[in-house]
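For reference, the structure is listed below as structure tokens.
The values are calculated or read from the model by the stated rules, or taken from the named source; none is laboratory data. This one's a predicted model, so the numbers in the text were calculated from it and none came from an experiment. FYI the Cβ positions are ideal-geometry reconstructions off the backbone, even for glycines, and counts take in every protein chain you see.
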Amino acid sequence: MAGYWERVLARRTSRRRAIAAAGAAGAGAAILAACGGGDETSSGPKDTSGLVSEIVDTSKSAKQGGQLKWYQTSEPNHFDGQAQGQAQLNVYNGLAYGSLVQNKPGYKEPSSNTEVVGDLAESWEVSPDKLTVTFKLRQNVKWHNKPPVNGRAFDSEDVVKNWERYVSLPSNNRAANANSFNPNAPIVSVTAPDKSTVQYKLNKPTSFFFQRLATMITGEAGSQYPKEALAGTFDPRTAQIGTGGFIQEKYTPSVGFTYRRNPDYWNKDEPRAGALEIPIISDPAQGLAQLKAGNIFTFAVPQTDILTVKKEAPAIAMYRSIIAGANPAAIIGFGWLPLPDGQRSPFLDIRVRQALSLSFDRDAFIDTFSNVSRFEAEGLPVETFYYTAQAYLPDVWLDPRSKDFGPNAFFYTYNPSEAKKLLSAAYPSGFPEIESKFISGPQFGLDHQQQVEVLHQYAREVGFKIKPQPIDYNLEYLPKIVTQQGKFHGWAFRFGATSSADPLDFYIWRYWSKSGPTSGSLGFGGQDGSLGDQSGDPDVDSLIEKGYAELDPAKRNAIIHDLQRHLARQQYGVSRPGTASQFILAWPALGNAQVFQGDSRCNPAGAPGGPYTWWVDDTKAPLKA
């Protein structure tokens, strides 16, 4: 496998570097053109391949019923979504449980992740001082008809008891949400003036508060569990009883799940599928085979295989997609503890962090894993996106290839000679060997290990000495990396879910020194490079705190742009190089594919929408030839 990826990368690298050989001035323009950068029209690149299907809203003709054949790559350790975050539980959690509000999906385009719509709450008011939010609960909402809850009505006591249970659990992100555990966390109290009213008291105006309640990410504050979970008569670890649109009917470990439509769901138009079949498919080859056979309606096909699968099974529809969200999938988080031999962490030296970023050939990486060259050759519309401190998200992402980014864009260029100089200046006798920790399972994508391998190769070319260390997601990554705020040695490929989808909240979670001990903070030791004080970068903290209460979208976006510019130089965490337009395959029987994007209830990245808004069209392939 290592040899395969080295050959693939070499082919992609030679193509991109051949452009550079034509001359520096011309190369910049050529690369931008090849990568979809530069001054393109607002409509973006055009499809000349004839392979891309139009996104069609078929909601008006949608029928209820049918068996929707989906899949997932992994299964949870347990079903308690209020406990420590589990990436593999997030989707299942959103199927069964509800939240007071939902993220407003984008219509045929990515969501901005800044607006919400009602779910278990039908309306709300914010006090003039912006410190009290009063929710009016939706009437006639019922819990799933399972003992001991037995389909009773949802009311404000559930919300209050749900919050009490959430803050009672030590292994979640309560310190980022509950003011009682962290004076900088926003939620002071949750009370119920009457059965249909809930009030949240905040410690200060909080621009991202509603998105905190919209998230269905496990370990966060959005999911609403019944009061029986606090009372102990219902164990959420072993079963699911929620208000969501799907009821878990069957679970066979290592095999899969069956969910059925909740007949008492408050939205009578959703979900439309009568049943949802979810086999566990962690092997890419098996997934491709099941998709081509029509046994599942969609699969996260690696971009390198998309065209092959489309040509082998031409009846499958192919949709263009841009995966959007502030959180970059995979960021190299540095360990600030001394190395095993007692040397101080090399990553306290800014030159080392900058050298790593400069070692990444972003164009070649994106070309390799997003299949850019082949897509372009086929006439497919492709845009590329360099990741900064954040990933691509409309309006808030600042392209480091644009003139607006400023001089710190240099640290996102591919410059191995400068990287070698920086590393040599920091370590004249040679860089010490460090451990590179990355998970060994499928939780972060089926090609995660291959991406890690390529980034290791880039780093080694400029002088980094790396000892790869695969680790188990549950046994090592969760307890020893994700919650430790840099209290390890070496570096680790870190993922994790932000406290909400809000773009500023991403920086609060990842970079604010006051986020709390269970946040995803990178835990950097301060601008002076001191070890262990976790005092943070005062410039970063100042910008985040300026945006905390800023409700004007344009002003918030400007603050986030400044954060990206500043963090480009500091490189407290080095993001994955970037991505490009994606192409998603789905059988035509999957109605409303790609129509509603960013549904916080259950809309994983790389899926053509989510099961709440899909429907089963039995007049189309593979259900009908």
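Just a few scattered comments:
- Residue, nearest to W615 (Cα to Cα), within segment 240-275, restricted to residues that are surrounded by fewer than 16 Cβ atoms within 10 Å (Cβ to Cβ) and out of contact with any Gly (no Cβ under 9 Å at 6 or more places or on another chain): D269
- Tally of residues being part of a loop (DSSP other than H, G, I, E, B), in contact with a Cys (Cβ under 9 Å, 6 or more places away or on another chain) and within 28 Å of R510 (Cα to Cα) across segment 357-394: 1
- P148 farther than 12 Å from V198 by Cα and either surrounded by 13 or more Cβ atoms within 10 Å (Cβ to Cβ) or touching a Phe, Trp or Tyr at 6+ places or on another chain (Cβ under 9 Å) (or both): yes
- The listed residue being in contact with a helix residue (DSSP H, G or I) (Cβ under 9 Å, 6 or more places away or on another chain), over 28 Å from V301 (Cα atoms) and modelled with pLDDT of 90 or more, out of Y511, Y507, Y612: Y507
- Residue match in segment 406-427 (condition: under 24 Å from V167 (Cβ atoms), modelled with pLDDT of 90 or more and of a type in the set (D, E, K, R)): no
- For first residues located in segment 458-477 and on the phi < 0 side of the Ramachandran plot and crowded, with 21+ Cβ neighbours inside 10 Å, partners that are of a type in the set (F, W, Y) and not in a strand (DSSP E or B) and lie 6+ apart or on another chain with Cβ distances below 7 Å form the pairs Y458/F360; F464/F431.
- Residue within segment 239-257 that is in a loop (DSSP other than H, G, I, E, B) and free of Cβ contacts under 8 Å to residues at least 24 places away in the same chain present: no
- Selection status of A554, at pLDDT below 95 and either under 19 Å from A389 (Cα atoms) or surrounded by fewer than 22 Cβ atoms within 10 Å (Cβ to Cβ) (or both): yes
- Entry remark, segment 273-309: residues being out of contact with any Phe, Trp or Tyr (no Cβ under 6 Å at 6 or more places or on another chain) and more than 23 Å from A62 (Cα to Cα) number 20 in total.
- Number of positions in segment 101-133 that are farther than 22 Å from V198 by Cα and not hydroxyl-bearing (S, T, Y): 6
- Condition check for Q485: part of a helix (DSSP H, G or I), within 21 Å of the chain's Cα centre (by Cα) and buried (at least 17 other Cβ atoms within 10 Å of the Cβ): no
- The condition of being over 30 Å from L422 (Cβ atoms), touching a strand residue (DSSP E or B) at 6+ places or on another chain (Cβ under 8 Å) and among the polar types (S, T, N, Q) does not hold for T308.
Conditions (1) in a strand (DSSP E or B); (2) modelled with pLDDT under 90; (3) crowded, with 23+ Cβ neighbours inside 10 Å, marked per residue:
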residue	(1), (2), (3)
K310	no, no, no
R320	yes, no, no
I323	no, yes, no
W336	no, yes, yes
L339	no, yes, no
A355	no, no, yes
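- Filtered by the rule that a residue be at pLDDT 95 or above and part of a loop (DSSP other than H, G, I, E, B), segment 111-129 gives D119, L120, S127, P128, D129.
- Residue match in segment 439-452 (condition: among the acidic types (D, E), surrounded by fewer than 23 Cβ atoms within 10 Å (Cβ to Cβ), at pLDDT below 95 and closer than 17 Å to L337 by Cβ): no
- The numbered conditions (1) at pLDDT 85 or above; (2) among the aliphatic types (A, V, I, L, M); (3) surrounded by fewer than 20 Cβ atoms within 10 Å (Cβ to Cβ) are all true for A501 except (3).
- Odd one out for A593, checked against (1) out of contact with any Leu (no Cβ under 8 Å at 6 or more places or on another chain); (2) surrounded by fewer than 23 Cβ atoms within 10 Å (Cβ to Cβ): (2)
- Residues of segment 53-72 that turn out to be polar (S, T, N, Q) and in a helix (DSSP H, G or I), as a count: 2
- Test: E228 is more than 18 Å from S99 (Cβ to Cβ), without any contact (Cβ under 8 Å) to a residue 60 or more places away in the chain and not in a loop (DSSP other than H, G, I, E, B): no
Residues checked against (1) of a type in the set (A, V, I, L, M); (2) more than 26 Å from A580 (Cβ to Cβ); (3) outside any loop (DSSP other than H, G, I, E, B); (4) modelled with pLDDT of 80 or more:
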| site | (1), (2), (3), (4) |
| --- | --- |
| A20 | yes, no, yes, no |
| L32 | yes, no, yes, no |
| T41 | no, no, no, no |
| S74 | no, no, no, yes |
| N90 | no, no, yes, yes |
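- For G294: the one exception among (1) over 30 Å from S168 (Cβ atoms); (2) in a helix (DSSP H, G or I): (2)
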